[in-house]
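First the structure, in the form of structure tokens, and then the observations on it.
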Amino acid sequence: MGSRVDTDEDSDIKGSMWDLDQKLDQPMDEEAGRLKNMYREKKFSALLLLRLSFQSLGVVYGDLGTSPLYVFYNTFPNGVKDQEDVIGALSLIIYSLTLVPLLKYVFVVLRANDNGQGGTFALYSLLCRHAKIKTLPNQHRTDEELTTYSRSTFHERSFAAKSKRWLEEQESARSVILILVLVGTCMVIGDGILTPAISVLSAVGGIKVNQPRMSSGVVVLVAVVILVGFFSMQHYGTDKVSWLFAPIVLLWFLLIGSIGIFNIWKYGSSVLKAFSPVYIYRYFRKGGKEGWTSLGGIMLSITGTEALFADLAHFPVSAVQLAFTLVVFPCLLLAYSGQAAYLMNNLSHSQDAFYRSIPDKIYWPVFIVATLAAIVASQATITATFSIIKQALALGCFPRVKVVYTSKKFLGQIYVPDINWILMVLCIAVTAGFENQNQIGNAYGEYDWTNFFIKTS
């Protein structure tokens, strides 16, 4: 099956898309030679860049954006002791969002892509291009031409050259790198299972705030029905799904940002002291062991960050950066600050701080948007899972499965039916088995901690 993209069909994107001439059903190692010039950061028009940034909201940022639903609940599962604990936790959240998603991923890691592909395997592929450390038996001669980097760019006596020679000489180091890549990839897939469960349960659980007599079984049943419907939509492809989901996510961010501003105005701006890192030190000094164990909940504030990188194949770097800096980051800071301001005046409401901090007049509209946003939140990790499974196939680390290309303009927009249905079954099993977002949150926090250390190493 052959296909060629004629970019003149769409006047809005003329001259800005990639011209592909390839067989989409051939193995990745064979198509490597054809893709040498496929990915480059084009100079997109302002209108097209805004369009792609808007679409990226519906795919890339749903997971990261719905974390305010459950972060404080999982940080303080046993309640809050005093106001200073709230300030310390908020300070940790602020600097976690600033250092990891904003500085590390959006402005640094996104640039380390493998011809538009992101994720753990993409980084491993780049390492293999710079140094002969690959231990997998499917190295293709065209791989040398595929990279956007050159091995001759660093001096022979430089630190990079010395590191390259050391890695090539140490067989154990090469094995350790491959193991870290495989474990890191498994952690991302694990997030793809836990994210839909905790997001949908957290949103649907808002019913019990106003209807406390409702049984947990009804909440779980509603969550399962939503999950089945969500996974059934995946075959439409990223482009169509993003146009459907992006307005929901944008409305969600605007709502939580506005509610955050309202709560800061209503309950006092003293919560903004959390922008001082001094309160992080005080939080750990005072909290002791409990302070350290609460980091599992704090890490939930940056969950979905690794999916941000893995989803890079679906959108250009500039679009992802623009959406995060102008919409996602400021709205998240306002949302967490507003919840913290509410908690400082209602210390006993940590288990449902998000829903209780919503003004009564707009409670049900926000609940509906929150439920829709929680459904969309799963899209980030699911599309990331599709991308890394495709990369694993290319490197011979995964059994052959059917990969459906859903776009003629973006090669990275794919759908893997077998993986989609496996994820659905596992998500339903987790949702029905745990029945409680706190228990899923504990597992989620452990996954994020492990994933964070693997990627940092």
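Under 26 Å from residue 335 (Cα atoms), surrounded by fewer than 23 Cβ atoms within 10 Å (Cβ to Cβ), modelled with pLDDT of 80 or more and among the β-branched types (Val, Ile, Thr): is that true of residue 226 in this structure?
Judged against the criteria, residue 226 is a match.
Quick one: would you say residue 200 is at pLDDT 75 or above, in a helix (DSSP H, G or I), touching an Asp or Glu at 6+ places or on another chain (Cβ under 7 Å) and surrounded by 13 or more Cβ atoms within 10 Å (Cβ to Cβ)?
Here the answer is no, as residue 200 does not meet what is asked.
Would you check if residue 397 is closer than 29 Å to residue 92 by Cβ, in contact with a Phe, Trp or Tyr (Cβ under 8 Å, 6 or more places away or on another chain) and either surrounded by fewer than 20 Cβ atoms within 10 Å (Cβ to Cβ) or not charged (D, E, K, R) (or both)?
So residue 397 does not fit the description; no.
Could you please tell me which pairs satisfy a Cβ distance under 7 Å, a separation of 6+ or placement on different chains, a first residue in segment 355-378 that is within 13 Å of residue 70 (Cβ to Cβ), and a second residue that is of a type in the set (Ser, Thr, Tyr)?
Between residues of segment 355-378 that are within 13 Å of residue 70 (Cβ to Cβ) and residues that are of a type in the set (Ser, Thr, Tyr), the close pairs are 373/66; 374/66; 374/199; 374/202; 377/66; 377/195; 377/199.
Any residue in segment 54-71 that is surrounded by fewer than 20 Cβ atoms within 10 Å (Cβ to Cβ), of a type in the set (A, V, I, L, M, F, W, C) and at pLDDT 85 or above? Show your work before the answer.
Step one: list which residues in segment 54-71 are surrounded by fewer than 20 Cβ atoms within 10 Å (Cβ to Cβ), which gives 54.
Of the ones still in play, those that are also of a type in the set (A, V, I, L, M, F, W, C) are 54.
Filter once more, keeping what is at pLDDT 85 or above: 54.
Yes.
Pick from segment 78-127 the residues that are surrounded by fewer than 19 Cβ atoms within 10 Å (Cβ to Cβ) and either aromatic (Phe, Trp, Tyr) or touching an Asp or Glu at 6+ places or on another chain (Cβ under 6 Å) (or both): which of them is farthest from residue 181 (Cα to Cα)?
Across segment 78-127, the extreme among qualifying residues is 95.
Going by the conditions given, is residue 425 of a type outside the set (Phe, Trp, Tyr), surrounded by fewer than 18 Cβ atoms within 10 Å (Cβ to Cβ) and at pLDDT 85 or above?
So residue 425 passes the test.
Within the group 302, 264, 280, 259, which residue is farther than 22 Å from residue 420 by Cβ and touching a Pro at 6+ places or on another chain (Cβ under 6 Å)?
302
Out of the residues in segment 113-133 meeting the condition of being farther than 20 Å from residue 381 by Cα and not in a helix (DSSP H, G or I), tell me which one is farthest from the chain's Cα centre (by Cα).
Among residues in segment 113-133 that are farther than 20 Å from residue 381 by Cα and not in a helix (DSSP H, G or I), the one farthest from the chain's Cα centre (by Cα) is 132.
Return the residues of segment 366-392 that are modelled with pLDDT of 80 or more and either among the basic types (Lys, Arg) or in contact with a Pro (Cβ under 9 Å, 6 or more places away or on another chain) (or both); say none if nothing qualifies.
Once the filter is applied, which keeps residues that are modelled with pLDDT of 80 or more and either among the basic types (Lys, Arg) or in contact with a Pro (Cβ under 9 Å, 6 or more places away or on another chain) (or both), segment 366-392 yields 366, 382, 390.
Tell me yes or no: at least one residue of segment 354-374 is of a type in the set (A, V, I, L, M, F, W, C) and over 26 Å from the mean Cα position of the chain (by Cα).
Checking segment 354-374: at least one residue is of a type in the set (A, V, I, L, M, F, W, C) and over 26 Å from the mean Cα position of the chain (by Cα).
Checking the conditions here, which among 217, 205 is surrounded by fewer than 18 Cβ atoms within 10 Å (Cβ to Cβ) and more than 19 Å from the chain's Cα centre (by Cα)?
None of the other options fit; the residue is 217.
Please count how many residues of segment 279-297 are within 21 Å of residue 98 (Cβ to Cβ) and in a helix (DSSP H, G or I).
11
Give segment 277-316 a look and list any residue that's of a type in the set (A, V, I, L, M, F, W, C) and more than 17 Å from residue 62 (Cα to Cα), or say none. Walk me through how you get there before you give the answer.
Taking segment 277-316 as the starting set, the residues that turn out to be of a type in the set (A, V, I, L, M, F, W, C) are 278, 280, 284, 292, 295, 298-300, 302, 307-310, 312-313, 315.
Scanning segment 277-316 gives 278, 280, 284, 292, 295, 298.
For segment 337-358, does any single residue satisfy the condition of being of a type outside the set (Asp, Glu), outside any helix (DSSP H, G or I), over 20 Å from residue 105 (Cα atoms) and at pLDDT 90 or above?
Yes: segment 337-358 contains one or more residues that are of a type outside the set (Asp, Glu), outside any helix (DSSP H, G or I), over 20 Å from residue 105 (Cα atoms) and at pLDDT 90 or above.
Being without any contact (Cβ under 8 Å) to a residue 12 or more places away in the chain and either surrounded by 14 or more Cβ atoms within 10 Å (Cβ to Cβ) or among the β-branched types (Val, Ile, Thr) (or both) is the filter here, so list the residues in segment 259-277 that pass it. Before you say what the answer is, go through the steps one by one.
Let us first name the residues in segment 259-277 that are without any contact (Cβ under 8 Å) to a residue 12 or more places away in the chain, namely 265.
Within segment 259-277, no residue meets the criteria.
Restricting attention to segment 265-278, does a residue exist that is closer than 30 Å to residue 114 by Cα, part of a helix (DSSP H, G or I) and β-branched (Val, Ile, Thr)?
Looking through segment 265-278, none of the residues is closer than 30 Å to residue 114 by Cα, part of a helix (DSSP H, G or I) and β-branched (Val, Ile, Thr).
Considering segment 70-101 alone, what residues qualify as being part of a helix (DSSP H, G or I) and of a type outside the set (A, V, I, L, M, F, W, C)? Reasoning before the result, please.
Residues of segment 70-101 that are part of a helix (DSSP H, G or I), as a first pass: 71-75, 83-101.
Hits for segment 70-101 are 73, 74, 75, 83, 84, 85, 88, 91, 95, 96, 98, 101.
Quick check: anything in segment 290-297 surrounded by fewer than 18 Cβ atoms within 10 Å (Cβ to Cβ) and either touching a helix residue (DSSP H, G or I) at 6+ places or on another chain (Cβ under 6 Å) or among the basic types (Lys, Arg) (or both)?
no
Select from segment 103-112 the residues that are in a loop (DSSP other than H, G, I, E, B) and in contact (Cβ under 8 Å) with a residue 60 or more places away in the chain and list them in ascending order. Walk me through it before giving the result.
Of all residues in segment 103-112, those in a loop (DSSP other than H, G, I, E, B) come to 107-108, 112.
Selection gives 107 alone.
Restricted to segment 79-124, and to residues that are out of contact with any helix residue (DSSP H, G or I) (no Cβ under 7 Å at 6 or more places or on another chain) and β-branched (Val, Ile, Thr), which residue is modelled with the highest pLDDT?
98
Considering each of 239, 311 in turn, give the residue that is in contact with a helix residue (DSSP H, G or I) (Cβ under 6 Å, 6 or more places away or on another chain), assigned to a helix (DSSP H, G or I) and among the charged types (D, E, K, R).
Working: 239 fails: in contact with a helix residue (DSSP H, G or I) (Cβ under 6 Å, 6 or more places away or on another chain).
Step by step, each of 239, 311 is checked, and only 311 is in contact with a helix residue (DSSP H, G or I) (Cβ under 6 Å, 6 or more places away or on another chain), assigned to a helix (DSSP H, G or I) and among the charged types (D, E, K, R).
The values are calculated or read from the model by the stated rules, or taken from the named source; none is laboratory data. This structure is a prediction, so every number in the text was calculated from the model and none was measured. Every residue, glycine among them, receives a Cβ derived from its backbone with ideal geometry; neighbour counts consider all protein chains shown.
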